[in-house]
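What follows is a set of notes on a single structure, which appears directly below.
Bear in mind that the values in this text are calculations on the coordinates, not laboratory data. For clarity, every value in this text was computed on a predicted model and none was experimentally measured. Here the Cβ positions follow ideal geometry from the backbone for every residue, glycine too, while neighbour counts run over all protein chains shown.
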Amino acid sequence: MNKNIVVIGAGISGLTTAYLLSKKGFDVTIIEKNSSVGGSIESVFENGFLFDRGPNSALETTPVIGQLIKELELEHELLYASKQANKRYILRDNKLHSLPMSPQGLLKTKLFSGKAKLRLMAEPFIGRSGDGYYQSLAEFVKRRLGQEFLDYAINPFVAGVYAGRPEDLSVKSAFPKLYALEEKYGGLIIGTIRSIRERKKRAEVAKQSAKMLSFKSGMIALPKAIEKYFGSNLLLSSEVTSVDKTEKGFSISYQQNGTINKIESDAVLSTIPSYVASGIFTKYDKDFKTHAEAIYYPPVLVYYLVYNRKDIKQDLDGFGFLIPAKENKSFLGALWSSIIFSERTDESKAAFTLFVGGSRNPEFVKEDRISLLAKVRKEFEALMGITADPIFTSERFWEKAIPQYNLGYVEHERFFDDFEKRNPGLFISGNFRGGISVGDCIKNAELVAEKILKQL
Ligand SMILES: Cc1cc2nc3c(=O)[nH]c(=O)nc-3n(C[C@H](O)[C@H](O)[C@H](O)COP(=O)(O)OP(=O)(O)OC[C@H]3O[C@@H](n4cnc5c(N)ncnc54)[C@H](O)[C@@H]3O)c2cc1C
């Protein structure tokens, strides 16, 4: 008889692992609290505009993404980002500077001072620190590349990826590949060159050269296609309230329409956020709570603004821009959503997605929403040379948006590893382990599926 497994959570982590396990012959049941699949992935059509309220795109960093698209017959929906989206801007002194993409570009750019450029050249001569997990990203970058590169490249970059702060994030936990370049090769420049060769052998694609993709109906197309594959084995509006060990395996209780139901299984995979998993798994180990609740998920407010293109002076020829903390703005950056994927609006309009809050400014989202939007719009419209009101605005508030792999994260990582070893049949995953991006969640889903397969 096939082994059966219950997967808790129908975000991209749970859905992908469930799919891969099902292909390997497991009987899989997915239990999801919300009335729809996707978790952090939400795409809605409002007034004819597509608003991706969570991730706007994914990087094709693993062949599993292509496999899913092919097997789930999503090719007709697939969109790749426009070439223009390779150009990214950073704000400095109220001006947008394109991020240099070549050594010549680096020499010419006004984003960094001459002193900062000279400092970058010293990178190959700087030794290893050996501080490992206990070094923040800020310390690491300042030591290797200098303060200005930290302030005007890395600080805005981590605001764009994690909605995080380089001073808080652990370099080894949050950017393991970056840290490995130093550890393995002794430096970032030499390490980048050597690792390209090795990555080619593993058929992996580096984040900086991976293709960026989405779908005609938004990022939700992928979760929806996996939902269709599972049919009635995916239970929506069903909140798991407890997981108990039985003689044969596990008994999972979930609440659906006010009644408690139970389901038996050989194994359980949790992909829910760590602070929710805490309520379910702390009875197995009292330290679960300490680790799971220590992982910080800052709030993020997402604005979606659509303007008539004739009212915008700024050239729209890129991915968007990110804002360094030093520039003191009330938002973290703006994606030029309809430039990245031109299908998002017709040519006479332009759609933008702006982010507010994160670990940098968690208190901003507590401000009165009307005055906050007015402030963000005023700053954004001034930077972009926009002369008229938007024709459409929308927003989505994520109270606990993205888990931060902050200093001390390694203790949590070790705890979850040990927890799984001490509790065979129980598996803990989700974006607070193995990376936060959609691509990383999918890559990690493959690793988790292999781990489950091996154990069962
Ligand atoms: C605003 C925002 C923008 C982002 N932008 C990008 C981007 O551009 N590119 C990118 O790659 N990544 C981006 N990310 C990150 C990425 O979207 C997420 O890390 C990823 O989608 C998380 O997937 P997950 O399945 O691990 O977790 P989740 O999506 O959080 O899924 C967990 C699921 O568990 C369910 N659940 C919770 N409790 C229970 C329970 N008791 N019983 C049953 N089910 C339960 C939840 O309802 C949810 O559906 C962004 C995230 C946010 C919030």
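At full extension, Asn2 and Gln147 could sit 46.6 nm farther apart than now, given 0.36 nm per residue minus the alpha carbon distance. For region 36-112, the residue among Ser102, Ser36, Leu59 whose Cα projects farthest onto the positive side of the dipole built from Cβ charges is Ser102. The ranking of Tyr409, Tyr133 by Cβ neighbour count inside 10 Å, starting from the fewest, reads Tyr133, Tyr409. With θ taken as phi - 60° and the Karplus curve 6.51 cos²θ - 1.76 cosθ + 1.60 applied, the whole-hertz 3J(HN,Hα) list for region 347-361 is 5, 7, 10, 9, 10, 10, 10, 10, 10, 10, x, x, 5, 5, 9 Hz, x standing for glycine and proline.
From the alpha carbon centroid of region 226-284 to that of region 96-111 is 50 Å. Counting only residues at least eight positions apart within a chain, or on another chain, the lysines with an alpha carbon under 18 Å from that of Lys289 are Lys400, Lys421.
Which peptide among 442-448, 410-416 comes first, and what is the full order, when sorted by highest mean count of other Cβ atoms within 10 Å? Display every interim value, and only then the final one.
Working: 442-448: 21.4, 410-416: 16.7.
By packing density, highest mean first, the sequence is 442-448, 410-416.
Entry note, the chain: the mean residue ellipticity at 222 nm calculated from DSSP H runs of n ≥ 4, each adding -39500 (n - 2.57), is -10000 deg cm²/dmol after division by the residues and rounding to the nearest 500.
For the chain, taking the reciprocal of the average inverse distance between every pair of different Cα atoms yields a Kirkwood hydrodynamic radius of 23.3 Å.
In this structure the amide hydrogen of Leu79, modeled in the peptide plane, comes within under 5 Å of the amide hydrogens of Ser214, Phe215, Lys216, none closer than 5 places in sequence on its chain. Under 17 Å of direct C-alpha separation, and excluding same-chain neighbours fewer than eight residues apart, Lys216 reaches these aspartates and glutamates: Glu42, Glu46, Asp52, Glu60, Glu73, Glu75, Glu77, Glu343, Asp346, Glu347. Database remark: amide H of Ile386 closer than 5 angstrom to the amide H of Lys313 (H placed geometrically; neighbours at sequence offset of 5 or more, or on other chains; Pro and chain starts carry no H).
Only lysine pairs 8 or more places apart or on separate chains count here, and in region 298-398 those with Cα atoms under 26 Å apart total 20.
Put a dot 7 Å past the Cα of Gln255, heading toward its Cβ, do the same for His76, and the two dots end up 4.2 nm apart.
Ranked highest first by average number of other Cβ atoms within 10 Å, how do 260-272, 49-61, 106-118 line up?
Numbers: 260-272: 19.7, 49-61: 22.2, 106-118: 14.6.
Final packing ranking: 49-61, 260-272, 106-118.
Scoring 376-385, 282-291, 146-155 by mean Cβ neighbours within 10 Å over their residues and listing the highest first yields 146-155, 376-385, 282-291. Ranking of Arg165, Arg144 by neighbouring Cβ atoms within 10 Å, starting from the fewest: Arg165, Arg144.
I'd like the FRET efficiency for Glu293 and Lys83, computed as 1/(1 + (r/R0)^6) with the beta carbon distance as r and R0 of 41 Å, rounded to 0.05. Provide the component values of the computation, followed by the final result.
Numbers: r = 44 Å, r/R0 = 1.07.
E between Glu293 and Lys83, to the nearest 0.05, is 0.40.
Overall, region 298-398 carries a charge dipole of about 220 debye about its Cα centre when +1 sits on the Cβ of Lys and Arg and -1 on the Cβ of Asp and Glu, all other atoms neutral.
Which FRET efficiency value, to the nearest 0.05, do you get for Arg194 and Asn233 by plugging their Cβ-Cβ distance into 1/(1 + (r/R0)^6) with R0 = 35 Å? Could the numbers behind the result be given before it?
Working: r = 45 Å, r/R0 = 1.29.
Efficiency, from the Cβ-Cβ distance: 0.20.
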